[in-house]
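See below for the structure under consideration.
The values are calculated or read from the model by the stated rules, or taken from the named source; none is laboratory data. It should be emphasised that the depicted structure is a prediction, and the values quoted were computed from it without experimental measurement. Neighbour counts are summed over all protein chains in view; Cβ atoms, including those assigned to glycine, are modelled from backbone coordinates with ideal geometry. The area values use the complete protein model at the heavy-atom level, side chains included, leaving out ligands, DNA and RNA. Shrake-Rupley method; radii C 1.70, N 1.55, O 1.52, S 1.80 Å.
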Amino acid sequence: MCSRQEKIQEDINNVIQLCKADEESLFSDFRYSDDIFTFTYSQGSKGISYFMNVSEDYPDNTCVSNSDNADDILLTSDPVPVIFDRIAAEVKLKNSEKETHQCHNAPGNSDGDNDSDEDHPEEHSDDEFHRHPELVADLQAVRDLKYPVFVSECVEDVDIDLHIDVSFLNEETALAWRVLRREPVTIRLTCSLTQYLDGAVPKVDVYQVSKKKDTFGLGHQLKKIMQAFVTEEWEGNHKEDAPCLTNSTSVKCNINHLYNLIKSVPNRNRGFLVQVIEYAEQRIPLLNEFCVICDEPHVFINGPMLRPYVCERELCIFAFQTLGVMNKVTDVIATGALVVDLLLSMARAALTSNRRDIIFDPYPSLVDPENPEELALDPNKKDYQRVMTAIDNLPPITELLQIPPAEMKERMVDKLSLPLLRWVISSNRSYISKLPTNKQLDFMHTPHQFLLLCSAPAKENAFRAARETYGSTFVFHGSNIENWHSILRRGLVIASNTKFQLHGNSEGNGIYLSPSSNIPFSFSGLAQPTNNPQATPQQKTGKKTLQFLSSRNLKCIAVCEVITSPAVHKHQFDIWVCSNADHVCTRFFCIYEDGQGKDPNINTQTTPGIYQKIRNVVNSRHMANGE
């Protein structure tokens, strides 16, 4: 977990970097000392110093003031980057108003140079003179509902920044989506200042102040959704009888109700800007349930997964793989080399299994790079050996990291290796990140420990509600490494009496768990034996595709949180069976290689200190590297 001072310094550094990157920035002289962050705005001979006095419970109770008006003091709970963005917007607005006023009063700009004051008995403010009346009314409606809104004008256009609160997202979702919960998501509409709804369709942008746009995948998906919505509304295609969302709080809290309202158009009875805000609030919690390209719902075996992805429709696959449409949404994970290594190991294990027809699921859909009208890999015509060959011909991961993205395609021996690598990474609908050393569970005796988040926001919210009622504890789940290719994309399912069942179900139907590590280790099995000619690619190709995991003989143990509800049935030999899949959430998993030591005697219920160690890591924020 970052300390208070580390978070403050990180936020201040973000502001400074943004200003350095903006050649037109008028802010300078940044200083931070004794919990006071100061900077100066200067233009010509005028200079204004701004002061942010951060409190002990930052970002709460931050006091903001300036040298231009000592009585103008703001107490806010916004982080430094958001406060700075607000100040910058106000400065920009004042500058544009000043320039516009000078332009209208410049010599030769009126009908005559000798007009007297008597010809203009009534004075008008710049807002009254320029803004379209309906724009003024819509802005006031937003403010009446206590939504933050910032306006920046130029001669012809106006930028309207609508701030959407995303603090209702839980920590796990925010981490997986790379969203800062403490900062609002800004939806910027650029439209005609004087024509407003009668003018051209507004341009939409979506961002968070502290996030680089290239790493804000949710912003790219939401921008596409909101631009389509605004365009349709501008053309007058909205349905007047659509349900009206009248309370943003209820939208955030009632996920099931939200699902029923997805894509319905809020009524415009309180103005267009409020309508935009309500639609954004309606869509954000369930972004993962819709294809990032066609915006149609996914169909999942065990309910929606956590991360957004491209659906399996051929047109969307073509647009994503060939045209690069929405690549930034799924590439935002900044996948580490070890995670890529792991995903490829799981895919290979599934491919070499005698159950591959069942567990290598989903099978990739890949457009032929040399003939975009054909699928080189087609789920309806499965060719497992072709997939294996493409993986075998990948360069070592460490070598891939050194290749500039623009050169990767040319450096590939097999034309399908790079598309398949991208598919393996982007089709993973879970969030995986290597745990830093100081957050690892020392009693698991392996350095290969990962944060693993699979549950969609709605399921996680339901899980937390059930935990409030019944409580929860931590247990282990073991599954053969070959099964995890599907689990990470389809979810942890109740396999009893289905084609996915590998072991018996003598204790009934459900997800099999145990507080004792010994039993899940026995269920985890092994990857394909090392004497299998297909199990080790260097035996066939003379090179090693993977780098960080040296073994093909892997075991995987997941640490799960389970609701201690009546759905959990405890049997002899520490076997627990949960008949409700919604009451089990994966939190971590640990990978063991050949010869790696492990302790089969760990018990989350009886071994002293084990439960609390897991709970401490789960409760700590910013668990993953780089967070």
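The C-beta contact set for the range 363-380 (first residue closer than 15 Å to Lys409 by Cα, second residue among the charged types (D, E, K, R) and surrounded by 12 or more Cβ atoms within 10 Å (Cβ to Cβ), distance under 7 angstrom, 6+ apart or interchain) comprises Pro369/Lys415; Glu370/Lys415. Taken over the range 243-297, residues that are within 28 Å of Cys454 (Cα to Cα), at pLDDT below 80 and not aromatic (Phe, Trp, Tyr) amount to 16. Name the residue that is nearest to the chain's Cα centre (by Cα), counting only residues in the range 265-296 that are farther than 17 Å from Tyr196 by Cβ, of a type in the set (S, T, N, Q) and surrounded by 20 or more Cβ atoms within 10 Å (Cβ to Cβ). Per the criteria, the residue is Asn288. For Leu169, the test of being open to solvent by 40 Å² or more (accessible area, probe 1.4 Å) and either of a type in the set (Ser, Thr, Tyr) or not in a strand (DSSP E or B) (or both) is failed. Here Glu314 meets each of (1) at pLDDT below 85; (2) open to solvent by less than 20 Å² (accessible area, probe 1.4 Å); (3) acidic (Asp, Glu) with one exception, condition (2).
Listed here are the residues, each with its yes/no results for (1) at pLDDT 80 or above; (2) open to solvent by less than 20 Å² (accessible area, probe 1.4 Å); (3) not in a helix (DSSP H, G or I).
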position: Thr330; (1), (2), (3): no, yes, no
position: Thr335; (1), (2), (3): no, no, yes
position: Val339; (1), (2), (3): yes, yes, no
position: Ala347; (1), (2), (3): yes, yes, no
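Residues checked against (1) crowded, with 20+ Cβ neighbours inside 10 Å; (2) outside any helix (DSSP H, G or I):
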residue	(1), (2)
Ile8	yes, no
Asp11	yes, no
Val15	yes, no
Ser25	no, yes
Tyr41	yes, yes
Ser55	no, yes
Pro59	yes, yes
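Being part of a helix (DSSP H, G or I), open to solvent by less than 30 Å² (accessible area, probe 1.4 Å), without any contact (Cβ under 8 Å) to a residue 40 or more places away in the chain and over 26 Å from Gly303 (Cβ atoms) is a property that Ala406 lacks.
Here is a check on your reading of the model: is Leu189 touching a Leu at 6+ places or on another chain (Cβ under 8 Å), at pLDDT 85 or above and farther than 30 Å from Phe450 by Cα? Yes, satisfied.
The rows are residues; the columns are (1) at pLDDT 90 or above; (2) surrounded by fewer than 20 Cβ atoms within 10 Å (Cβ to Cβ); (3) in contact with a Lys or Arg (Cβ under 7 Å, 6 or more places away or on another chain).
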| position | (1), (2), (3) |
| --- | --- |
| Tyr592 | no, no, yes |
| Asn601 | no, yes, no |
| Gln605 | yes, yes, no |
| His622 | no, yes, no |
| Asn625 | no, yes, yes |
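Once the range 531-590 is narrowed to residues that are basic (Lys, Arg), more than 25 Å from Leu452 (Cβ to Cβ) and in a loop (DSSP other than H, G, I, E, B), the residue that is modelled with the lowest pLDDT is Lys543. If you go through the range 178-205 and pick out every residue that is hydrophobic (A, V, I, L, M, F, W, C), outside any loop (DSSP other than H, G, I, E, B) and open to solvent by 10 Å² or more (accessible area, probe 1.4 Å), you end up with 1. Selection within the range 122-152: residues that are charged (D, E, K, R) and modelled with pLDDT of 90 or more. The member of this set that is surrounded by the most Cβ atoms within 10 Å (Cβ to Cβ) is Asp138.
What number of residues within the range 188-226 are in contact (Cβ under 8 Å) with a residue 40 or more places away in the chain and within 20 Å of Asp295 (Cα to Cα)? Count: 9.
For the range 468-482, which positions are in a loop (DSSP other than H, G, I, E, B) and small (Gly, Ala, Ser)? Within the range 468-482, Gly471, Ser479 qualify. Checked against (1) assigned to a strand (DSSP E or B); (2) among the β-branched types (Val, Ile, Thr); (3) at pLDDT below 85, Val155 passes all but condition (1). Tell me, yes or no, whether the range 386-403 has at least one residue that is open to solvent by 30 Å² or more (accessible area, probe 1.4 Å), assigned to a helix (DSSP H, G or I) and of a type in the set (A, V, I, L, M, F, W, C). There is at least one residue in the range 386-403 that is open to solvent by 30 Å² or more (accessible area, probe 1.4 Å), assigned to a helix (DSSP H, G or I) and of a type in the set (A, V, I, L, M, F, W, C). State all residues of the range 409-433 that are part of a strand (DSSP E or B) and among the hydroxyl-bearing types (Ser, Thr, Tyr); if no residue qualifies, say none. Result: Tyr431, Ser433.
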